[in-house]
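A quick write-up on the structure given underneath.
Bear in mind that the values in this text are calculations on the coordinates, not laboratory data. Predicted model, so just to flag it, every value in this text is computed and none were measured. Cβ placement follows ideal geometry from the backbone for every residue including glycine, while neighbour counts extend to all protein chains displayed.
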Amino acid sequence: MQAHADLDKKTFRRFADLIYQEAGIHLAEHKHALVSARLGKRMRALKISDYDAYYDYVHRDDSRTELSALLDAISTNVTYFYREPDHFETLGAVVKQWADSGQRRFRVWCAAASTGEEPYTLALTLAENIPDLRDVKILATDISTSVLEIAGKGEYEAKKLEKIARKRIDRYFSPIAERSGARVYRVKREIRDMVHFAWLNLSTPPFPMKGPLDVIFCRNVMIYFDNEVRQRLVNDMYRLLRPGGYLMVGHAESLSGLASQFKPVRPSVYIKK
Ligand SMILES: C[S@@+](CC[C@H](N)C(=O)[O-])C[C@H]1O[C@@H](n2cnc3c(N)ncnc32)[C@H](O)[C@@H]1O
């Protein structure tokens, strides 16, 4: 049911400009139908029938709550445990080698953590390859407060754990409840304690972390940015990594077209020499 008037070109541009300004997300004209549908959902929830009226509503909301809901509606939060598994194999081998050669301090940044599956997979990988976890920290950030809230709880329905081997589920997750007939698991405290979640906007470097970082996972988010935003982001990730540190981007992403000193180890895996 179409409960609102059409999104005209001018109003689409106003929203696209706002979203670019606030999150660096680039919305080309061919995203018009998608944007119109996703804004429409928010408008129905708020019982606003006109796109310009919704724009004014977002603009007037000094608490930025609706801006946050708007960005949530626009961006895709799809993620799952062990997504693009070869990155975790590479990470496991690399940190094992570092630990074998005496490294004790490990700092990993998961730059678009969404609902938490990626940073918890990182934590499992570190737990399985580093014998002494006392100085191991994962910072997991996202621009969406609603995904961060889910991530912080570390609770997932059984079907979300399908990609995880049974013995890992038994070792790192506790069954905590049945919700609507589905079993719910919580990531065990020893793993949750390795991960710290925080809000961070990737389009506005420099970032406040101290560094130096050993590894950055920045996957499946740069596709939403244009080269200007990507370039600023990549420059700051380079600054924050230590020499010999790794950057992993999504399999559909790369640093091509950007000026950077990162050296490709293979597609989607880069090292700061
Ligand atoms: C498709 S998910 C990727 C999740 C995970 N990295 C993965 O590969 O499975 C993209 C995430 O990027 C976040 N995001 C979009 N724009 C952002 C920005 N400017 N700063 C930080 N996070 C952003 C979204 O909120 C969303 O959770």
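Annotations for the structure displayed:
- Positive minus negative residues near Phe262 (Lys, Arg vs Asp, Glu; Cβ under 9 Å): +3
- Distant-in-sequence amide contacts of Ala140, defined by a placed amide H-H separation under 5 Å and a gap of 5 or more residues or a different chain, comprise Cys110, His196, Phe197, Ala198.
- Degrees between helix 32-46 axis and first principal axis of the chain (Cα, 0 to 90, nearest 10): 80 degrees
- Relative contact order of the chain, pairs being alpha-carbon contacts under 8 Å that are 6 or more residues apart, as %: 17 percent
- The share of Cα pairs per 5 Å bin across the chain, counted from zero up to the longest distance, runs 1, 5, 12, 15, 16, 15, 13, 10, 7, 4, 1, 0, 0 percent.
- Helix 9-23 and the longest principal axis of the Cα set of the chain meet at an angle near 30°.
- Each part reduced to its alpha carbon centroid, region 197-238 and region 101-157 end up 16 Å apart.
- Each peptide in 232-239, 44-51 receives the mean, over its residues, of other Cβ atoms within 10 Å, and ordering these scores from highest gives 232-239, 44-51.
- Rounded, prolate or oblate (a/c below 1.5 giving rounded, otherwise prolate when a/b exceeds b/c) for region 55-145 by Cα gyration tensor: prolate
- Take each peptide in 106-116, 195-205, 251-261, count the other Cβ atoms within 10 Å of every residue, and average; sorted highest first, the result is 106-116, 195-205, 251-261.
- For the chain, the antiparallel share of DSSP beta bridges with both residues in that region comes to about 45%.
- Region 86-225 shape via C-alpha gyration tensor axes, a/c threshold 1.5: oblate
- The chain - mean residue ellipticity at 222 nm from DSSP helices (-39,500 (n - 2.57) per run, n ≥ 4, rounded to 500): -12500 deg cm²/dmol
- Count of Lys pairs (Cα-Cα under 13 Å; at least 8 positions apart or interchain) in region 137-273: 4
- In this Cβ point-charge picture (+1 for Lys and Arg, -1 for Asp and Glu), the chain has a dipole of about 740 debye about its Cα centre.
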